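For reference, the structure is listed below as structure tokens.
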Ligand code: GLN
């Protein structure tokens, strides 16, 4: 293994329980380093055997984050992009499934020259090469942050942890740092914060040869100096490297609370980081401070109805939820999201609460469950002239609704929901019809879209061509376009190569936009997506603010 010269490697593991927010903590550390003018990239190692999360249910995995190059990846990559503003690619997420697949393919090819293929060194070498590959991607990075999914103690993450142990030896102790995120629970009966789970988790790490350099302790409240000293003593870490990761009202505050406690300075010192330009003179977190101030003190509130299927599990729509935080800041507004289960709408009609909404989104989705409810909601939204944003399935439902109720095509449907529909206004393209394999076969990744001058979309984007990310099989059927257009549907974005509809709007409506792609995947904390921004602005106007 030849590590990149000068590149530093941060490894982040998690202990005690899952769902401590390791992805956000990793991304926040990325922000601290970026604020020092360093070039930072990130990698997520996932212990499961699926090749990618593309085939997993949203209930099991949450959102699938799609990269420009069409990889279906872990939702933590969304946090990375939103925080450090670096476009991720398929290189930035590796699963056990991918690692074994590569090794087994090489074995079948005879690449191991008669050797017995083993976890050590073949699997661990493959993991190392994935880490190094990320460091080299797009020129050499100053820092690679690698987040190991799962919890220390899980059988399935062992090869990743063993790799980290070896990596530190080979890349040099001065070039690597191990950060462990744990939980310090409050036990009500004792009225105390308890450090034992952290001690045990670090013990487990040390058993396999990894000594954490820094501990990030999730805690409800404040971690006193005494407790930090105690944790430090038992875990062999200086007290100043025991960082309080307290609960905060906005995840965008996390870089600031880490910086406040000196985490950035500790990393600089331990990794002997030379500050790059332009942050060389000072640590530039001004924009983050302004962002957090705006999130905490918005002038307005606006109510948005969110029509989806997985309303019980907001992680399924992670990027959309975050895009609204960003768009809210741009409009000095708190965007209150009200989730509407459209299956219920099918049984009991449009909910009473719809009357107090100022805008409506129809979320992406798969399968026919809840679709008729969505169509009902879209009709109400269109007729009330309430701002509308339809994303992927949301656009498809909007086209069906328009075809049925405005163009006089009552049988209009998508072949996804009714294969025999006489009026397939949404249909699969030739390239999708004969696909038998499920994984990685949708229209995936960034495609160009030409935006029509004078449209709402163009007002938002302020440019003629945009690149947006896709994840779907069905498309607007161009055969029905003349009829749709004749009745007032505007095609305001088209793929220049395939002529497929990428954006539609309604002429006779203040702000009604459907997009075949996923704009939420390109919204960043400091750079809101223009369509979300303008949609929120339209909703504020609808609310009379
Ligand atoms: N089910 C639709 C399709 O595959 C929409 C997908 C989505 O919303 N991401 O085309």
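With an a/c value of 1.5 or above and a/b larger than b/c for the gyration tensor axes a ≥ b ≥ c computed over the alpha-carbon atoms, the stretch 6-66 is described as prolate.
On the principal axes of its alpha carbon atoms, the chain extends 73, 61, 49 Å, with the longest extent given first.
Per residue, the chain reaches -10500 deg cm²/dmol at 222 nm when only DSSP H runs of four or more residues are counted, each adding -39500 (n - 2.57). For the stretch 472-545 versus the stretch 405-428, the inter-centroid distance based on Cα atoms is 20 Å.
The slack between residue 355 and residue 230, meaning 0.36 nm per residue of separation minus the straight C-alpha distance, is 39.5 nm. Peptides 511-517, 158-164 ranked from most to least packed by the mean count of surrounding Cβ atoms within 10 Å: 511-517, 158-164. Rounded to 0.05, the FRET efficiency of the residue 384 and residue 499 pair, given R0 = 35 Å and the Cβ-Cβ distance, is 0.60. Taking every C-alpha pair closer than 8 Å and separated by at least 6 residues, the mean separation divided by the residue count of the chain gives a relative contact order of 15 percent.
Relative to the longest principal axis of the Cα atoms of the chain, the long axis of helix 286-296 makes an angle of roughly 60 degrees.
Between residue 17 and residue 348, the C-beta separation translates, for a Förster distance of 41 Å, into a calculated FRET efficiency of about 0.65. Can you give me the angle between helix 530-542 and the longest principal axis of the chain, using Cα atoms only, in degrees from 0 to 90, rounded to the nearest 10? On a 0 to 90 degree scale, this one is about 60. As a calculated quantity, the FRET efficiency between residue 240 and residue 430 at R0 = 60 Å, using C-beta atoms, amounts to about 0.45. Fraction of C-alpha pairs exceeding 23 angstrom in the stretch 291-379: 27 percent, rounded to a whole number. The stretch between residue 165 and residue 321 holds 52.5 nm of extra length on full extension. This uses 0.36 nm per residue minus the Cα-Cα distance.
Taking 0.36 nm per residue of sequence separation and removing the Cα-Cα distance, the residue 420/residue 301 pair yields an extension gain of 38.4 nm. In terms of its C-alpha gyration tensor, the stretch 321-370 has an oblate overall shape, because the principal axis ratio a/c (a ≥ b ≥ c, square roots of the eigenvalues) is not below 1.5 and a/b does not outweigh b/c. The C-alpha atoms of the chain define a longest principal axis, and helix 96-108 lies at about 80 degrees to it. Taking square-rooted eigenvalues a ≥ b ≥ c of the alpha carbon gyration tensor, is the stretch 454-545 rounded, prolate or oblate, where a/c under 1.5 means rounded and, failing that, a/b exceeding b/c means prolate? Oblate. Be a star and scan the stretch 97-140 for residues whose amide nitrogen sits under 11 Å from the point 7 Å along the Cα-to-Cβ vector of residue 158. Once the point is set 7 Å along Cα→Cβ of residue 158, 119-120 turn out to lie under 11 Å by backbone N, inside the stretch 97-140.
For the pair residue 113 and residue 527, label points projected 7 Å from Cα toward Cβ lie 4.6 nm apart.
Over the stretch 411-511, Cα pairs under 8 Å with separation of 6+ residues give a relative contact order of 25 percent. Say a paramagnetic label sat at a point 7 Å from the Cα of residue 105, along Cα to Cβ; which residues of the stretch 45-76 have their backbone N under 14 Å from it? Within reach of a label on residue 105: 51-52.
Each reported figure results from applying straightforward, stated rules to the coordinates on display, with no laboratory input. No experiment lies behind these values; they were computed from the predicted model shown. When we count neighbours, we look across all protein chains shown, and the Cβ atoms used for this are built from the backbone with ideal geometry, even at glycine.
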